[in-house]
Amino acid sequence: MGDFGMLSLLPPLVAIILAIWTKRVILALFAGVWIGGVMVSNWNPITGTTQTLNWLVQNASDSWNVKILLFDFMIGAGVGLIYKSGGAFAVGRTLASRVRTSRGASVMGWLLGVLVFFDDYANTIIVGNTMRPITDRTRVSREMLAYIDDSTAAPVAGIALVSTWIGYEVGLIGDAFKKLNVDLGTIGGPYGAWLHSVPYRFYSIFAIVLVLLVALFHRHYGPMLHAEIRTRTTGKVLRDGARPLMTTETDLGDPKENGSVHFFIWPILALVSVTMLGMWYSGGGYPTYTEGGLRAVLGNADSALALLWGSFAMVVVAFALVVGTRQMTVEEAEEALVRGMKQMVIANTILLLAWSIKSATDAVGTAHYVVNIANNAGISGNWIPLIVFLIAMFISFTTGTSWGTFSIMMPIAIPLAYGVSGELGPAVFASIGAVFAGGIFGDHCSPISDTTIMSSMFSGSDHIDHVRTQVPYAITAASVGIILYLLFGFGVTNVLLLLLLGGLLLIGAWYALSEWYGSRYGVPGGKVPLYLAED
């Protein structure tokens, strides 16, 4: 890893600025990776290009990444079959009698996102694919669906008591305390420390609450207001010229008539059940039960492999149903499979580049540069959670990785908080919570984050439009978190009081911003009209 000082910020900043400016995320990501390659090659553009290609090859051949890429292709194939067979349309038609308003569709998306808590990837897949025909019918913009999808992925999985995140998070906490020789027996071990940190994860909590408020009351601000007004008034769920990561309608054409909800329900159930069984099996639940219960099993699971198994089962079940019922011929089903996979080419290209820019930021020392600045600042006491949160936010946003941010920050945050406070108390737990909350901020809204990309993908949204419309809401929730960590620094350490104040601040900020922004653009209160779908 080179010592580039402030220049280590160049690769992620180039990628983010170009992505927002040009709206060409593939070009922007490649530019960021290439800049990193040139930097570590002594600024030689020829060897820098070679290094860039090496990173692409390494990330494309990484075991975890290969599983995710194959999983995406399988999901694309399964979605292609479900769509072309008329299954997705049938679900939308069936639910239309129950969910006929834009409010009902938005709230249902939020509720489904909260219920699919066990994995962020599975969350984006199920919520996006299930809700897209319903939100299209009720004139909810694809940008809004992507926001709902993204806000109930990493924020939910990160605080769920049982999820694929638990083992990793608890493991980081346990390793940090082990090096300090701290006995965690009085609080229930590393998992107890994790539990104590959950109420201090202000960003995750308020990001989830904010999307519910927006879904319920239809009060918007920022680019999302324009997106929702466009969809309500014109019926266009995408802006003119948008480039959704999944172009299902274009690639697959019109769905078959007389589709059955069974073509949707059983493949999705196969996806979920086989994925969960795969996590159980790969996590040590079979043939020998792992000590530590379900949490330990899910924590040790190979979620990428389990998702690949689940997506394959989804394809097999969907193929058997549509061919077995003669809804589609073998040739038609095969064509739908291939065209469905085609939908994932752009998305997988972006994912590969997102992983490669992480390699570039590691090579130039982006994260370590930011951390060293904080260490040299001489922070102390109850101010540590605030500083940790700000650094974790910046690292995760510029690198697009929450887990990478966790691994960088946790070994620093816990020793720092424990060493300064001298006790296993609120300062330590708040610092742990700040690491996770700050890391999830970037996972939630960075344009180079894999879950942000996947939310755009499975919601059928233009990726840059998703980022632009979501960021104002993410910043609102993050700002509330910053204020609460500030209050913590001034000595307000009662977490229940902080959560109550945070809730009031969030509601106040959301209301004030929607009023102000709406008044600027002639939409009183930023309130988008409710839409009632016709029979």
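The values are calculated or read from the model by the stated rules, or taken from the named source; none is laboratory data. This one's a predicted model, so the numbers in the text were calculated from it and none came from an experiment. For neighbour counting, all protein chains shown are included, and Cβ atoms are generated from backbone atoms with ideal geometry for every residue, glycine included. Heads up: the accessible areas ignore ligands, DNA and RNA and are worked out on the full protein's heavy atoms, side chains in. Shrake-Rupley method; radii C 1.70, N 1.55, O 1.52, S 1.80 Å.
Structure values in brief
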item: Any hit, the range 71-80, residues being modelled with pLDDT under 85 and over 27 Å from P155 (Cβ atoms); result: yes
item: Members of the range 409-426 found to be surrounded by fewer than 24 Cβ atoms within 10 Å (Cβ to Cβ) and either closer than 22 Å to T452 by Cα or more than 26 Å from the chain's Cα centre (by Cα) (or both), listed by number; result: P415, L416, Y418, G419, V420, S421, G422, E423, L424, G425, P426
item: Matching residues in the range 322-343 - criterion: being free of Cβ contacts under 8 Å to residues at least 40 places away in the same chain and open to solvent by less than 70 Å² (accessible area, probe 1.4 Å); result: V323, G324, T329
item: Identity of the residue in the range 425-442, in a helix (DSSP H, G or I) and not hydrophobic (A, V, I, L, M, F, W, C), that ends up farthest from G158 (Cα to Cα); result: P426
item: Answer from S456, S514, S431, S519 - the residue that is crowded, with 20+ Cβ neighbours inside 10 Å, within 30 Å of H226 (Cα to Cα) and out of contact with any Phe, Trp or Tyr (no Cβ under 6 Å at 6 or more places or on another chain); result: S456
item: Identity of the residue in the range 180-225, at pLDDT below 95, outside any loop (DSSP other than H, G, I, E, B) and over 22 Å from P155 (Cα atoms), that ends up least open to solvent (accessible area, probe 1.4 Å); result: G189
item: Unmet criterion (only one of (1) without any contact (Cβ under 8 Å) to a residue 12 or more places away in the chain; (2) among the polar types (S, T, N, Q); (3) open to solvent by less than 30 Å² (accessible area, probe 1.4 Å)) for N65; result: (1)
item: Residue, modelled with the lowest pLDDT, within the range 461-475, restricted to residues that are open to solvent by 10 Å² or more (accessible area, probe 1.4 Å) and either outside any helix (DSSP H, G or I) or within 22 Å of V435 (Cβ to Cβ) (or both); result: D462
item: Verdict on I148 being within 19 Å of T401 (Cα to Cα), modelled with pLDDT of 80 or more and among the hydrophobic types (A, V, I, L, M, F, W, C); result: no
item: Residue list for the range 128-157, restricted to those being over 20 Å from A242 (Cβ atoms) and of a type outside the set (S, T, N, Q); result: A153, A154, P155, V156, A157
item: Identity of the residue in the range 477-495, in contact (Cβ under 8 Å) with a residue 60 or more places away in the chain and open to solvent by 10 Å² or more (accessible area, probe 1.4 Å), that ends up nearest to A417 (Cα to Cα); result: G489
item: The lone exception for Y531 - which of (1) under 28 Å from I134 (Cα atoms); (2) open to solvent by less than 10 Å² (accessible area, probe 1.4 Å); (3) hydroxyl-bearing (S, T, Y) it fails; result: (2)
item: Pairs where the first residue, in the range 431-450, is touching a residue at least 12 places away in the same chain (Cβ under 8 Å) and farther than 20 Å from S359 by Cα and the second is among the hydroxyl-bearing types (S, T, Y) and open to solvent by 10 Å² or more (accessible area, probe 1.4 Å), C-beta under 6 Å, 6+ apart; result: G433/Y200
